[in-house]
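The values are calculated or read from the model by the stated rules, or taken from the named source; none is laboratory data. All of these numbers come straight from a predicted model, not from anything done at the bench. We place every Cβ from the backbone using ideal geometry, glycine too, and count neighbours over all the protein chains shown.
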Amino acid sequence: MSLLTATLFTFGLAGALVDAPATTAAPPAASAKAKEGPAKRLCEKLSCTAAQKTEVQSITKELVTDTQPDRESIRRLQRKLADEIAKAKPSEPAIDALAGELAKHQSEMTKRGLDAVLELHAVLDAGQRKLLADIVAEHGVRALVGRRMDGKAGKRGRGPKGAGKAK
């Protein structure tokens, strides 16, 4: 019953968001940054040539597409986990099963990310490969898609963690 309720709520919320007028527009700088995509940011760090930029764009676009089903599964499993935790008596076996499924999807995403790193490796020169290795060492494979590579933590458009907190 809770799955049905959650599904109906999700469709209702999605419908409300589609019908809602767009009253709050993102600042031009933020929207331009969001449109750049991971390939442009990565190529800025690596000083890619035009041909390399095209290859990097292709690789990152394919990575995003390939990992989409896992990202959707992770979101679904996180909602199930939240539903289980909200119960008066959460089931430990159910939580363990959900944790195992989450780990499986995260592992698949990491494997695909590593495949993309190897594809990038073939496109880059020695100096660029060193920079790519430094990025992966500091930020992990997830830095290739969507994660910030400027040394700042936090989600896109929100700034670093802890920004704006009172001291």
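Looking only at residues in region 107-120 that are within 14 Å of residue 58 (Cα to Cα) and touching a helix residue (DSSP H, G or I) at 6+ places or on another chain (Cβ under 7 Å), the one that is surrounded by the most Cβ atoms within 10 Å (Cβ to Cβ) is 120. Answer yes or no: is there a residue in region 72-90 that is touching a residue at least 12 places away in the same chain (Cβ under 8 Å) and closer than 29 Å to residue 40 by Cβ. Checked against the condition, which is being touching a residue at least 12 places away in the same chain (Cβ under 8 Å) and closer than 29 Å to residue 40 by Cβ, region 72-90 yields at least one hit. The condition (being modelled with pLDDT of 75 or more and of a type in the set (D, E, K, R)) is satisfied by just one residue among 19, 70: 70.
In region 44-92, what residues are in contact with a His (Cβ under 8 Å, 6 or more places away or on another chain) and of a type in the set (Asp, Glu)? Of everything in region 44-92, just one residue is in contact with a His (Cβ under 8 Å, 6 or more places away or on another chain) and of a type in the set (Asp, Glu), namely 70.
Restricting to region 41-79, what's the tally of residues that are in contact with a helix residue (DSSP H, G or I) (Cβ under 8 Å, 6 or more places away or on another chain), over 23 Å from residue 111 (Cβ atoms) and not in a loop (DSSP other than H, G, I, E, B)? Qualifying residue count, region 41-79: 5.
For beta carbons closer than 9 Å, sequence separation of 6+ or different chains, a first residue in region 109-136 that is within 25 Å of residue 71 (Cα to Cα) and a second that is of a type in the set (A, V, I, L, M, F, W, C) and in a loop (DSSP other than H, G, I, E, B), the qualifying pairs are 113/145; 116/145; 132/124; 135/149.
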